[in-house]
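**Q** Sharing a structure with you now.
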There are 2 protein chains.
Amino acid sequence: MWERGYASTSPRKILDRAEVGQGSMYHHFGSKEVLAAAAFERSAAATLARAESVLAGSEEDAASRVVGYLLAQRDVLLGCPVGRMASDPDVLASDSLSAILRTTFAQVRALLTEVIATGIAAGGLRAADPAELADTVLAVVQGGYVLARAEGDAEPFERAVRGAAAMLRTDGERGDRAKR
Amino acid sequence: MWERGYASTSPRKILDRAEVGQGSMYHHFGSKEVLAAAAFERSAAATLARAESVLAGSEEDAASRVVGYLLAQRDVLLGCPVGRMASDPDVLASDSLSAILRTTFAQVRALLTEVIATGIAAGGLRAADPAELADTVLAVVQGGYVLARAEGDAEPFERAVRGAAAMLRTDGERGDRAKR
DNA sequence: GTCTATAACTCGATAGAC
DNA sequence: GTCTATCGAGTTATAGAC
């Protein structure tokens, strides 16, 4: 589902990949939606964990952690395992699936807001509303995925996050120092 | 298709909305893909025209035009009529549809790059690579749509673009002056 | 617990009357 | 140029043997 999205991933394709019969799947999961919720919950937890490991580390200063989140390695052309789901009408129509989407974004947003506020206080990031900047950072990453997939090329993503890093840091030119 | 995406918009739904029979549609368009290309070309042209009207205006200074693009009114919860298509595997698999996607983004990117370069030279925008910042601006908007749709609420979009405007302008605090 | 078979439906597309 | 009827394939889900 990470590869093809929710609607485009039919039970048939899942069964072929898993090399089991229909019965097995419907024995363990009541429906495609329940299966998707289990899979999505897993990948969302993994995504959140990686965000936490970059943002909550205590070795680097707050500004470098925010920039590190922007510049972190990602499977750009596959798309974000979380954000990708937001474009599927079937996902938004499902309470269980859209709930995972909302809570995961809310958790990363909260983390980012806190680290950004710390970074502004310490002087490494430019002064502005931390809540707004947290959504700006989230949007740059999510939008970078969109641009890269549209182009079939990771470059637009890389340009977008480098530009954002340069804008955020008070020493703009060294904005990409942290992870490169 | 703007409302539901390409894959999720079946010929049946189009015919119901248009109040015509199957025959009419297949008389004028060879396939769903051809129909979608015609519709997509229209909405992409309209989207590009609105971007041009904000970015290519000569009354405001370059920095205000970039901020104006960020803060322009949009149907946030519907999603970007162009960017929305990038998340559909069927669209990316179609040469005719993905070509519209690529060229439209390329055109807005070129416009943005030029205006941003002018704005940096004039001192209204912070100094950085204009090509990177152009993708940053595009990504903030596209990502803002993703966040807003995930939440079912336009607020994350508004925060993201306001944060970006504040970061871009040399007088960050008044970044949202242009259009509010 | 897993399998095959199949139900009930929708998909995109075509046929042929009018 | 538009209509209704229908095709074959694929969808999500269920039935029932093993």
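Derivation of every value follows stated rules applied to the coordinates shown; laboratory data play no part. Note that this is a predicted model, so its numbers are computed, not measured. Methodologically, a virtual Cβ is constructed for each residue, glycine included, from the backbone with ideal geometry; neighbour enumeration extends over all protein chains shown.
**Q** Going 7 Å from Cα along the Cα-Cβ axis for the label, what nanometre distances separate A:ALA93 from the same residue across the other copies?
**A** Inter-copy label distances (nm, one decimal, shortest first): 2.0.
**Q** Please report, in debye to the nearest 20, how large the charge dipole of segment B:40-174 is about its Cα centre when each Lys and Arg carries +1 at its beta carbon and each Asp and Glu carries -1 there.
**A** Its charge dipole is roughly 60 debye.
**Q** Taking neighbour counts of Cβ atoms within 10 Å as a proxy for exposure, in what order, fewest first, do B:ASP16, B:ASP153 appear?
**A** Sorted ascending by nearby Cβ count, the order is B:ASP16, B:ASP153.
**Q** Taking a label point 7 Å out from Cα toward Cβ, give me the nm distances from B:LEU77 to the same spot in the other copies, shortest first, one decimal.
**A** 3.7
**Q** Sequence neighbours fewer than 8 away in the same chain don't count; with that in mind, list the aspartates and glutamates whose C-alpha is under 19 Å from A:LYS13.
**A** A:GLU3, A:GLU33, A:ASP88, A:ASP90, B:ASP88, B:ASP90
**Q** Turning to a different aspect of this structure: Based on the inverse mean of 1/r over its pairs of different Cα atoms, what is the Kirkwood hydrodynamic radius of chain A, in Å?
**A** Across chain A, the inverse of the average 1/r is 17.5 Å.
**Q** Sticking with this structure for a sec: Find out how many positive minus negative residues lie around A:MET25, taking Lys and Arg as positive, Asp and Glu as negative, among other residues whose Cβ is under 13 Å from that of A:MET25.
**A** Counting the neighbours of A:MET25, the net charge comes to +1.
**Q** Could I ask something else about it? Every other copy gets compared here: list the nm distances from the A:GLU155 label point (7 Å along Cα to Cβ) to its counterparts, shortest first, one decimal.
**A** Nearest to farthest, the other copies are at 3.9 nm.
**Q** Modelled label-to-label distance, A:TYR26 and B:GLU41, 7 Å Cα→beta-carbon offset: nm?
**A** 4.5
**Q** Give me the dipole magnitude in Debye, nearest 20, for the protein assembly as shown about the Cα centre, with unit charges on the beta carbon: positive for Lys and Arg, negative for Asp and Glu.
**A** 220
**Q** Report the longest stretch of chain A that contains none of the GluC sites (Glu not before Pro) sitting in a DSSP loop with at most 16 other Cβ atoms within 10 Å. Provide the component values of the computation, followed by the final result.
**A** Values: sites that count: A:GLU3, A:GLU19, A:GLU59, A:GLU60.
Between the exposed loop sites, the longest stretch runs A:61-180.
**Q** Taking amide hydrogens as modeled 1.01 Å from N in the peptide plane, which residues meet the under 5 Å criterion relative to B:LEU125, leaving out close sequence neighbours?
**A** B:ILE120, B:THR170
**Q** What list do you get for A:MET85, A:MET25 if you sort them by fewest beta carbons within 10 Å?
**A** Lowest count first: A:MET25, A:MET85.
**Q** Please report the base-10 log of the normalised intensity I(q)/I(0) for the protein assembly as shown, using a Debye sum with one equal scatterer per alpha carbon and no solvent, at each q in 0.07, 0.08, 0.11 (1/Å).
**A** -0.31, -0.40, -0.74
**Q** Cα centroids of segment B:19-46 and segment A:19-78: how far apart, whole angstrom?
**A** 38
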